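Data first, discussion second: the structure below is written as structure tokens.
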Amino acid sequence: MDVIQISDLRGRPRAPRPEEVNLNFSEKAVRELEQLLNHYPDKKSAILPCLWIAQREYGGYLPSEAIAEVALRLDRSYAEIEGVATFYTMYHVGHPTGKHLIEVCTCLSCHLCGAYRLADHIKSKLGIDWGETTPDGMFTIEEVECLDACDRAPVLQISDQYYGPVDDKTVDAILEKLKSETSPSTVRLADEIVQAQLHKRDQEKVSGN
Amino acid sequence: MPETRLLLKHSGDAAYRSIQGYMDKGGYAGLKKALSMDRQAVIDEIKASGLRGRGGAGFPTWIKWNGIEKEKTKPHYILCNADEGEPGTFKDKELMENTPHLMIEGMIIAGWATQGDVGYVYIRGEFVDCARAVKKAIDEAYEAGFLGKNIQGTGWNFDMYVHLGAGSYECGEESALMSSLMGERGMPRLKFPHAPLPTVAGLWDCPTVINNVETYACAPYILVNGGEWYATLGASTKNSRGTKIFSVSGHVNRPGNYEIEFGTTLAELLEMAGGMKGGTLKACVPGGSSVPILNAEQTMNAVIGYEEMVDAGSMVGSGGCMFLNEHTCIVTFIWRTALFYARESCGKCTPCREGTAWMEQILDRIRKGGGRMEDIELLKEICSQIDGRSFCGLGDAAAWPVAGALKVFPEEFEYFIRHGHSIVDGPEYRRMAPEPLTPAKV
Amino acid sequence: MITEVGKDVVLPILKGFLLTGKRLFRDKSTVMYPEQKRESYPRTRWRHVLARYENGLEKCIGCSLCAGACPARCIYVEAAENTNEERYSPGERYAMRYEINMLRCIFCGFCQEACPTGAIVLRSDFELADYQREDFVYTKEMLLEPMPVQSER
Amino acid sequence: MAAAANEPQSVILTINDIEIEVPRGELIVESVKRIGLEIPIFCYHSRMKPVGMCRMCLVDVGFKQPDGSVRMMPKPQAGCTLPADNNMVVYTDTEKVRRDRKGVLEFLLINHPLDCPICDRGGECPLQNNTIFYGPSTTRYVEIKRHLPKAFPLSKYVTLDLERCIQCGRCVRFTEEISGDSQLAFRFRGAMMQPSTFELTDFESRFSGNVIEICPVGALTSAEYRFRARPWDLQTKPSICLECSNGCNTWFDYRVASLVRINGRTNEAVNEEWTCDKGKFGQNYLNSPDRLTEVFVRDGDKLIESNWATAFQQVSVAFQSAGSKCAALVGGKASNEDIFMLKRLFTEAFGSNNLDHRWTRCLPKSDALYRVATSIADFENEPVIFVFGNNIAEEQPILFLRIRKAWFRNDAKVIVACPEACEADTFAHTSLRYRPGTEAVLLGAIHRAATGAGGVDIAEASSITGVGEEAIRRAADAMKSGFALAASRSLLDLRNGEHVVGALSNLTIACNSSEKYNLFATSANEEGARQIEFMPSAEGKNTREILEACASGEMKALWLLECDPLSLSHDNELVTKALETVEFLVVQNHIKSECVQFASVLLPACAFSEKDGTYTNLERRVQRIKPIIAAKGSAKPAWKSFGELLLRMKGDPPPFHAHEVMQLIAASHQKFQSAIYENLEGEGVVIPANQSTEPQAVDVEYTAMEVPSNTP
């Protein structure tokens, strides 16, 4: 058993000071955040939407800089933001996913309709296991819990699209199509989610102020 | 009884998704009527209808609405629980995608009845299509003057926003949903009698009405046609009124949403969905993954109704009805259910955090051929140690299906443990079960 | 009078001699200690030993439970942390100092009972006499079992 | 939960068939203590909001129906979150409850590593205790346990063992609710949920030591105490922390005459149960090799080891020949007894009045400016608090916790004025970040904004101080109907300190809050020295004058008790010159300091853990310390050495015990009469303030000072 030495404290990383954090949000993102903050009586409530913005801005996942930036923008502690982000499965904290994230539902109805065999097919085709990314960085395959499209079981989600019912052939076709897709699906999903929360009159409100 | 399409009446109609198409079919008439009525009269109408929460617990809706303080001291919030996550349920998805205005109208009615200020629609993160549809509908409602300042000249202001989750089943629990909306980890909050009801101190400690999408969607119909008319639907049952959407999935020929009147039987529901596919009926999970499983005989005798289903040995739940054919291995199915709860447990309380993971480990061991006879007794014990001891309903929901299956299908578990492989076998079973398959025959 | 003396004094003396006389022809039970040693019973509790694992690591983890259990308060343990370079026992903790005051010890064996790893054991070595009081404080080096021969640390 | 105004404030409920009356809304877990019962708990902590996470406290609850029958609730209820109510019936020890407890403990233990023998919590672990009393004797868990990092160094002080964690959230809630730094949060969810800092970076908090104490298992342990002892090896005595002027109560754990660890001791009036890291981890000097343990006298260039008799001989000769040209200065760690006896020695034997305990740059004569009117506990209920000057979390950490509690629990408005970013900003109603040196101007502006007269022009002040006009007005608005002031005497270290403090005083008078004016002491017994009047009377010299007289050669002999002028004074040049020049220098301390090199005689003193005595904290609370470990070498309590010197020089009978000294203090200082030792058990005694006349407004120059960039 390896023991981490208590005396090895000098090399311990410390959290970045506020002035050391680079604020990387684009102008558009800052404006969106401003609009979203209008929805809630306090800043804390905007943590989830703001994490979505961050996930888009940082290329489909949340590196520690993204967490730090969200914390600073919303006046919360880093630890709290990290705690929130790691609670939800749709935020990818710490490590990037492939360009296209294939989320296969294996929960009850999909399991009944053969989702595991379907997953085996995708896994062997891409040569990766759950949670892994293909060497070319194109695909990551993840097991997700019920996507609530049981009528279309087995179902999978890529970006904001549900595909189902799918079988080995349709999956192959989908993968082929994705290969030619240029924009990363993880970023697109985050963007769609942000856009879905921005109401028309938000702009008026912000510009009116 | 045949299908009674009320909420889903215009579900297939693409025009119905826009406010113009919706109003052509009589939309927003309920709201207009409500706005002309006294606030208390609206609540009384809901009371007369006998409407009960469609999210799973079946709590009378009017009590929630009536519980909001009448003398306003703080902002009032109207919250819509659209974080549909129960395996087997997909009714809210269809309602939001195809009839978004119905739900929004219901929320505005609730807002009027309780002097609401802001409404939030909390949609699970995966439902981007729904969120887009709801957002579009909200924007349209603003333009038509059903939302915003001085609604229809009443001087009442009401705003509505879409809020998306980010992947957590637990956020479908109402207090966890509030935590999540307030930017916290989606963990449940203290409930009555440990803390005031959400109608007294909910979101940001202000009075809050929280209902399911389907519940809100019923309100316009009740207002237009009157509560008493609504109460005539499902009158054959003890205490369940109106219609309920059942999401039918699993081994059936036509999976999909079917709206039925209370009092319909499960057998009729199965018939609507085109009957069994790939074999005869073996079992049915009638109300989403968290309710106890029924065997074929119980299924054929069950009448749908909140109390009637309890008599049959299960619950209405959220209406996610899964039919399982004869090639289904109950042990594997229950293991998958347990895995779902182990993954979705928020971790707040001990019984759920440790108990769900332990159950999953035991069932996984049994499924892989390493079961011991004492595991059955142990699983029963664990279920009883979780059930009712956990912080919120998720623990109970994790225990019921396991305990239920052990009661209804004990022979399947015993066989699996004794022989190291499933009682069912064949290509169908192999198509379902995940790797590694049990060593015996495959 | 005389008969009384004979009965009360002489007869018992003769009886005593008779017994002695009988024993003269039996096997001797005395052993020639220290050249000869008597066999000890398997559960004899005498001198303490700190045991090692087969790979030479000390079993003692310095938990001080023996000191806590000791009714005579004769055990003193000071623990320290293993490092990957300098490893005495498996896991995180080892006994840096381990001392038993044999003058205080009553050989009750509670320490052995309390020990979670079976490190402190009371064995049969009973020759504990010494000349200096200080010498009765047995240190860890004195108590430790010698390294097993075939293993290397 | 707020009870409606017309409802009675107490309720009657039945616990285990015993009827008791408790305040409305009291939690069941507290109510059962009233009848001598205990509900096992893990996550519940009386000073934090209940969460009901661990489910250990499940009890059977029912309600009496109007017809007299009892309807039990179908599920067991968490006693730690359930408020007591009328007609409630609670059972804490039924078969069902025992089964539930066993179940919860079984769940908690399935993934707990059971490495109790090497765990620092072993022996004082709530999980061990609850398992023994309520838990199952064996486990039915045969799967592989959860494996996570062990012995992870979270910071210099705290070690994290995630395998042992039972996810009760106490530590997370502590950093959220009590210390406010939110350094810890739960990451991940479900069975993998773990408390940690942001990506396991350094745990930077002033109060991190407390999470070690409140952790119910060995998940958070002290890096300093790691493997140093087991609880049964330790002896524990009550003590007081001297690291700042708060006077926090502590438990002093020692083994074989050396300090092993410090834990917080409950004193509701002072520190509740918290300690700061300075107090908890900063006491290792007691075991340091730098401790002064022998008497030394100077022989030419060298200090040679000697004995008390020789030292006394030399001291008495030197000081007698110096006549009134001798002086004494004390530092913050001298006890009341030490200070009093030193004063007696100087006034009665040496005939000198050159005594002082103050080390600030400005030494105002007016006693009124040194007032302390609000007690620590009272801050909790103040609606408006004005925190002025240096970072209060740094200077008085535990007082900072009280002020934070006032905001957290009672929604107090806290106005924070500090030249740098500080912890109090996080909950401040208004934060006034002024440029260093512009204190008086800022106060003048607030004065003008609050009263409409006096002070300085707000717009002008805004440009000088760098604080927005809006903020000044907002602060003044909150303060004008009264506020409690929290400022410390370190303000007197400013060049215009007297004016700044005067401005504060004027502001309180203008806002009718002069009875809430507080200028707190900064070191452990500074307030005690002030109360004993260890200060120059009319003809005596104050600290600065003493040092100047020493430097000019006018002062012949100087006695330094428990102080290092080189670190205390702002003017090191003057101090060095003074110590070099003065003919005879006595240094009496428990530890070697830098000024040892100048000493003529070096006297060892006992540290706080080795002597009997009393200390007076910032709210004038006199608290007793008792000797815990034996004095090192030939060190003796300072008061004892003064008594012995008095005996040599005047033939006065010396006091043999510290309580005799306290009687002498009480005899000469009326206000100490309540502080005799019999009264000092428990929370200590607050002695009355000086009888001063109504505070008067003082003339103040509201001007800014140039601050050289290198001084803070």
### Query
Just checking, which of A:E103, A:E145, A:E132, A:E80 is acidic (D, E), on the phi < 0 side of the Ramachandran plot, crowded, with 18+ Cβ neighbours inside 10 Å and away from chain D (no Cβ under 14 Å)?
A:E103
### Query
What helices (runs of 4 or more DSSP H) lie completely within the stretch B:15-68 and have 2 or more residues being modelled with pLDDT of 90 or more and closer than 26 Å to B:G85 by Cβ?
B:61-67
### Summary
Those residues of the stretch A:6-32 which are of a type outside the set (S, T, Y) and either within 13 Å of chain B (Cβ to nearest Cβ) or touching a strand residue (DSSP E or B) at 6+ places or on another chain (Cβ under 9 Å) (or both) amount to A:I6, A:D8, A:L9, A:R12
### Filter pass, D:F152 being buried (at least 23 other Cβ atoms within 10 Å of the Cβ) and within 14 Å of chain A (Cβ to nearest Cβ)
no
### Task
Answer yes if at least one residue in the stretch A:61-69 is surrounded by fewer than 21 Cβ atoms within 10 Å (Cβ to Cβ), within 9 Å of another protein chain (Cβ to nearest Cβ) and modelled with pLDDT of 90 or more, and no otherwise.
yes
### Query
So, in the stretch D:42-84, of the ones that are free of Cβ contacts under 8 Å to residues at least 40 places away in the same chain and among the hydrophobic types (A, V, I, L, M, F, W, C), which residue ends up farthest from the other protein chains (Cβ to nearest Cβ)?
D:V70
### Message
Against the definition (crowded, with 24+ Cβ neighbours inside 10 Å and within 24 Å of D:G52 (Cβ to Cβ)), how does B:G355 come out, yes or no?
### Response
yes
#### Entry: Of residues in the stretch B:252-281 being among the charged types (D, E, K, R) and within 11 Å of another protein chain (Cβ to nearest Cβ), the one surrounded by the fewest Cβ atoms within 10 Å (Cβ to Cβ)
B:R254
### Message
Among the listed residues D:S634, D:S641, identify the single one that is surrounded by fewer than 23 Cβ atoms within 10 Å (Cβ to Cβ), over 24 Å from the mean Cα position of the chain (by Cα) and not acidic (D, E).
### Response
D:S634
### Query
Got a sec? Which of B:Y429, B:Y415 is at pLDDT below 90 and either assigned to a helix (DSSP H, G or I) or not hydroxyl-bearing (S, T, Y) (or both)?
B:Y429
### Task
Any residue in the stretch B:19-37 that's in contact (Cβ under 8 Å) with a residue 12 or more places away in the chain: show its pairings with residues that are of a type in the set (S, T, N, Q) and not in a helix (DSSP H, G or I) at Cβ separation under 8 Å, as long as the two are six or more apart or on different chains.
B:Y22/B:T99; B:L35/B:T154
### Query
Taking strands (runs of 3 or more DSSP E) that do not extend beyond the stretch D:326-434, which have at least 2 residues that are outside the structural domain of D:L485 (by TED's automatic domain parsing), surrounded by 23 or more Cβ atoms within 10 Å (Cβ to Cβ) and in contact with a Leu (Cβ under 6 Å, 6 or more places away or on another chain)?
D:326-330
## Note on the structure
The residue from A:S183, A:S124 that alone is small (G, A, S), surrounded by fewer than 18 Cβ atoms within 10 Å (Cβ to Cβ) and more than 12 Å from chain B (Cβ to nearest Cβ) is A:S183
### Message
Consider the stretch B:310-352. How many of its residues are among the basic types (K, R) and within 14 Å of chain D (Cβ to nearest Cβ)?
### Response
2
### Query
Within the stretch D:249-270, is even one residue within 14 Å of another protein chain (Cβ to nearest Cβ) and assigned to a loop (DSSP other than H, G, I, E, B)?
yes
### Message
Considering only the stretch D:314-322, I want to know if a residue exists there that is touching a residue at least 60 places away in the same chain (Cβ under 8 Å), surrounded by 15 or more Cβ atoms within 10 Å (Cβ to Cβ) and outside the structural domain of D:D356 (by TED's automatic domain parsing).
### Response
no
### Message
Taking the criterion of being in contact (Cβ under 8 Å) with a residue 12 or more places away in the chain, touching a Lys or Arg at 6+ places or on another chain (Cβ under 6 Å) and surrounded by 18 or more Cβ atoms within 10 Å (Cβ to Cβ), would at least one residue in the stretch C:98-108 satisfy it?
### Response
yes
### Query
Can you tell me which residues in the stretch B:181-197 are more than 7 Å from every other protein chain (Cβ to nearest Cβ) and touching a helix residue (DSSP H, G or I) at 6+ places or on another chain (Cβ under 7 Å)?
B:M187, B:P188, B:R189, B:K191, B:L197
### Members of the stretch B:239-257 that are assigned to a loop (DSSP other than H, G, I, E, B) and closer than 11 Å to B:L270 by Cα
B:H251, B:N253, B:R254, B:P255
### Task
State the number of residues belonging to the stretch C:1-57 that are of a type in the set (F, W, Y) and exposed (fewer than 10 other Cβ atoms within 10 Å of the Cβ).
3
### Query
Do you know which residues across the stretch C:102-151 are of a type in the set (S, T, N, Q) and more than 26 Å from C:Y33 (Cα to Cα)?
C:Q112, C:T117, C:T139, C:Q150, C:S151
## Note on the structure
Of those in the stretch A:186-205 that are among the β-branched types (V, I, T) and under 21 Å from B:Y122 (Cα atoms), the residue farthest from the other protein chains (Cβ to nearest Cβ) is A:V194
### Query
Looking at D:V217, D:V211, D:V142, D:V172, which is the one that is under 30 Å from D:E610 (Cα atoms) and more than 7 Å from every other protein chain (Cβ to nearest Cβ)?
D:V211
### Summary
Looking across the stretch C:58-76 at residues that are facing chain D (nearest Cβ under 8 Å) and of a type outside the set (S, T, Y), the single one that is nearest to the chain's Cα centre (by Cα) is C:A67
### Query
In the stretch C:79-98, which residues are farther than 15 Å from C:L144 by Cβ and facing chain D (nearest Cβ under 9 Å)?
C:A79, C:A80, C:E81, C:G91, C:E92, C:R93
### Task
Would you check if A:D167 is of a type outside the set (S, T, Y), within 13 Å of another protein chain (Cβ to nearest Cβ) and either exposed (fewer than 14 other Cβ atoms within 10 Å of the Cβ) or within 24 Å of B:N325 (Cα to Cα) (or both)?
yes
### Query
Counting just the residues of the stretch D:171-204 that are closer than 18 Å to D:C54 by Cβ, in contact (Cβ under 8 Å) with a residue 60 or more places away in the chain and among the hydrophobic types (A, V, I, L, M, F, W, C), which one comes out surrounded by the fewest Cβ atoms within 10 Å (Cβ to Cβ)?
D:A191
### Query
Does any residue in the stretch B:263-282 that is touching a residue at least 40 places away in the same chain (Cβ under 8 Å) come within less than 6 Å, Cβ to Cβ, of a residue that is outside any helix (DSSP H, G or I) and small (G, A, S) six or more places away or on a different chain, and which pairs are these?
B:G263/B:G234; B:G263/B:S236; B:L266/B:A302
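The values are calculated or read from the model by the stated rules, or taken from the named source; none is laboratory data. None of the values given here were measured: they were computed from a predicted structure. Note that each Cβ is placed from the backbone with ideal geometry, even for glycine, and that neighbours are counted across all protein chains shown.
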